[in-house]
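Trainee: Here it is, the structure, as structure tokens.
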Amino acid sequence: MLELLSGPWPWYVAGPLLGLIVPLLLWAGGEFGVSENLRHICAACLPTRNDFFRYDWKTRGLWNLTFALGVVLGGVVAGTALASPDPVLISDATTADLAAVGLTTFGGLAPTQIFSWEGLATVPGFVMIVGGGFLVGFGTRYAGGCTSGHAISGLANLQPASLLAVLGFFAGGLLSTWFILPLLL
Amino acid sequence: MRHDEATQPSAREASTGPTRARPLSGAGLGVYLAIGMYFGIVATKGEMVSWFRIQEMFRFQSFHMYGIIAAAVAVAMASVALIKSRRLRTVGGDAIVIPPKELGERGYRYWIGGTLFGLGWALTGACPGPIFALIGNGVPVYGVVLLSALLGTWSYGTLRPRLPH
């Protein structure tokens, strides 16, 4: 059983299990949308006169922040007790493409040449980690949601606004992948 | 029942406020912690936290991520339809109301904000959920991604009055 759980889960197992989070959170009284937590953390930690961050984050956001803490703990469980013995197996075409644009480290959840403290000190690493993170925080709040809030919750609720946001997600992702990454790596 | 949006200065502001004034009703925080752990495990074991998997997706070289998103949306959509048609209630007995996403006049915020997030998604290989899961998985530099994302959110909050929505 543990062997079955610790191997990588195929899409037709992981996908439906992911979708179930929407009704689970609605049943609990919340709603699936992770990026809102970034706003709650700002509201909780940064003294500001800005109305955007002046609300009672405890009554509005403590449930979601607790959920986010759970996600970290879930990562701990998945990365230790359920750790996969094998590296993430990606397609040969992707490996070849990434090698061609200059990636040298494969294996793990993210390439160590970038996503490590040494990587952070390089220009590509700084742009990808700090610049990329900034865009994630800025863009999700601007769009009012991320992959969970728009692509899953929003599309499931048939929201045209979410479809527009998801098209944006992909447009941005394609731009980064095909035009920015080759310049950085 | 939702609390009013008294802390928001206007109706337009209210539409961008946190979607829930509070959790609708009383599931204890332990329930949210458990659902979060479930998400962290599914996200990690389904490999949607892998930078390489995200690259594979944006290069159209594997069905994996598309299958996950399509299956997740299908299950979520069927669940939401069931919740609406049966008028199901939360664990605490409140009606489940899902606030709509206001499209606005041209939907600027969705496609501009969405594109900016997409740029960052492909660079970091992580959307907000996986950022938390990756920290748990012991990739500590994603803590810097998180800090930077907080700075991004704060900057949006600051620039917000000047941005087209």
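Trainee: Taking the condition more than 23 Å from B:GLY157 (Cβ to Cβ) and either buried (at least 23 other Cβ atoms within 10 Å of the Cβ) or at pLDDT below 95 (or both), does A:ALA110 pass?
Mentor: Considered against the rule, which asks whether it is more than 23 Å from B:GLY157 (Cβ to Cβ) and either buried (at least 23 other Cβ atoms within 10 Å of the Cβ) or at pLDDT below 95 (or both), A:ALA110 comes out as yes.
Trainee: Now for a separate question. Regarding A:TRP63, is this residue within 7 Å of chain B (Cβ to nearest Cβ) and more than 18 Å from B:ALA126 (Cβ to Cβ)? Lay out the reasoning, then the answer.
Mentor: Numbers: within 7 Å of chain B (Cβ to nearest Cβ): yes; more than 18 Å from B:ALA126 (Cβ to Cβ): yes.
Criteria met by A:TRP63.
Trainee: Taking only segment B:37-62 into account, find how many residues are more than 7 Å from chain A (Cβ to nearest Cβ) and more than 25 Å from A:LEU185 (Cα to Cα).
Mentor: 1
So that you can scan it fast, the table gives a plain yes or no per residue for (1) under 21 Å from A:THR147 (Cβ atoms); (2) more than 16 Å from the chain's Cα centre (by Cα); (3) of a type in the set (Asp, Glu):
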| site | (1), (2), (3) |
| --- | --- |
| B:ASP94 | no, yes, yes |
| B:PRO100 | yes, no, no |
| B:THR124 | yes, yes, no |
| B:VAL144 | yes, yes, no |
| B:PRO164 | no, yes, no |
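Trainee: Follow-up question, since we're still on this one. Restricted to segment A:119-130, and to residues that are surrounded by fewer than 21 Cβ atoms within 10 Å (Cβ to Cβ) and not aliphatic (A, V, I, L, M), which residue is nearest to the other protein chains (Cβ to nearest Cβ)? Before the answer, list the steps.
Mentor: First pass over segment A:119-130, keeping only residues surrounded by fewer than 21 Cβ atoms within 10 Å (Cβ to Cβ): A:119-124, A:126-127, A:130.
This time we only want the ones that are not aliphatic (A, V, I, L, M), so: A:119, A:122, A:124, A:126.
Details: A:GLY119: 7, A:THR122: 12, A:PRO124: 10, A:PHE126: 9 Å.
It comes out as A:GLY119.
Trainee: Within segment B:92-116, how many residues are more than 14 Å from B:PHE58 (Cα to Cα) and outside any loop (DSSP other than H, G, I, E, B)?
Mentor: Result for segment B:92-116: 9.
Trainee: Here's another thing I want to ask about it. Being surrounded by fewer than 24 Cβ atoms within 10 Å (Cβ to Cβ), at the interface with chain A (Cβ under 7 Å from one of its Cβ atoms), in contact with a Leu (Cβ under 7 Å, 6 or more places away or on another chain) and not β-branched (Val, Ile, Thr), is that true of even one residue in segment B:97-113?
Mentor: Yes.
Trainee: Sticking with this structure for a sec: Do the conditions hold for B:ALA81, that is, is it in a helix (DSSP H, G or I) and over 18 Å from A:SER35 (Cβ atoms)?
Mentor: yes
The values are calculated or read from the model by the stated rules, or taken from the named source; none is laboratory data. These numbers come from a predicted model, not from an experiment. Virtual Cβ from ideal backbone geometry, glycine too; neighbours counted across all protein chains shown.
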